[in-house]
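The values are calculated or read from the model by the stated rules, or taken from the named source; none is laboratory data. Because the structure is a prediction, the values reported are computed rather than measured. Glycine gets a Cβ as well: all are built from the backbone with ideal geometry, and neighbour counts include every protein chain shown.
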């Protein structure tokens with residue numbers, strides 16, 4: 001592709017992050033509460049803190065991953081399944097590394113308990129991330145401009161003179 005690849009705007013990234021986290025929170029807190037047999041309020045507050053942390057990390061991670069795609073000549077919103085799986089896994093590894101100590105401290109559980117719960121959550125959140133991002137890219141695509149396309153449109157719009 002000879003044209004520069006257009007990526008998401010900061011406002012689009014903010015919309016993505018807010019939608020992603022709001023939906024995830026409604027799924028995450030009840031699931032963690034059941035798995036840990038902890039009060040939904042405690043788990044809910046922890047989920048909000050983890051969500052806020054993720055909202056700080058998410059746009060930075062996504063921006064860097066998009067730049068990685070662009071440097072390789074790939075349009076980020078047109079990622080294939082493998083690229084989406086790698087993206088989701090990378091995000092989850094980053095979030096897990098920053099969340100486990102917080103979970104252990106907040107809920108007063110052992111590292112192993114937190115790790116087991118987190119492993120289940122990782123699978124659920126990675127699946128959610130994959131589906132959410134794929135859907136988001138379909139609902140809110142980043143349209144790429146093309147000189148070839150605009151030349152064709154201009155040629156059709158202008159009458160040919162002899």
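Residue under question is residue 26, and the condition is that it be outside any loop (DSSP other than H, G, I, E, B) and over 12 Å from the mean Cα position of the chain (by Cα); does it hold?
Against the criterion (outside any loop (DSSP other than H, G, I, E, B) and over 12 Å from the mean Cα position of the chain (by Cα)), residue 26 qualifies.
What pairs can you find where one residue is in segment 92-119 and loosely packed, with under 15 Cβ neighbours inside 10 Å, the other is assigned to a helix (DSSP H, G or I), and their Cβ atoms are less than 6 Å apart, with a gap of 6+ or different chains?
Once the first residue is loosely packed, with under 15 Cβ neighbours inside 10 Å and sits in segment 92-119, its partners that are assigned to a helix (DSSP H, G or I) give 111/104.
Tell me which residues, restricted to segment 30-46, are in a helix (DSSP H, G or I) and at pLDDT 85 or above.
Scanning segment 30-46 gives 30, 33, 34, 40, 41, 42, 43, 44, 45, 46.
Here are some residues: 95, 56, 115, 64. Which one is within 25 Å of residue 38 (Cα to Cα), under 16 Å from the mean Cα position of the chain (by Cα) and in a helix (DSSP H, G or I)?
Criteria check complete, one pass: 95.
Which residues, taken from segment 37-80, are farther than 20 Å from residue 19 by Cβ and surrounded by 14 or more Cβ atoms within 10 Å (Cβ to Cβ)?
Of everything in segment 37-80, those that are farther than 20 Å from residue 19 by Cβ and surrounded by 14 or more Cβ atoms within 10 Å (Cβ to Cβ) turn out to be 38, 42, 43, 46, 68, 69, 70, 74, 75.
Give the residue that is modelled with the lowest pLDDT, with candidates limited to residues of segment 136-148 that are part of a helix (DSSP H, G or I) and surrounded by fewer than 11 Cβ atoms within 10 Å (Cβ to Cβ).
Looking at residues that are part of a helix (DSSP H, G or I) and surrounded by fewer than 11 Cβ atoms within 10 Å (Cβ to Cβ), I get 148.
Which members of segment 98-112 meet the condition of being out of contact with any helix residue (DSSP H, G or I) (no Cβ under 8 Å at 6 or more places or on another chain), closer than 15 Å to residue 35 by Cα and in a helix (DSSP H, G or I)?
Across segment 98-112, the qualifying residue is only 112.
Among the numbered criteria (1) loosely packed, with under 14 Cβ neighbours inside 10 Å; (2) more than 12 Å from the chain's Cα centre (by Cα); (3) assigned to a helix (DSSP H, G or I), which one does residue 3 miss?
Here residue 3 meets the rest and fails (3).
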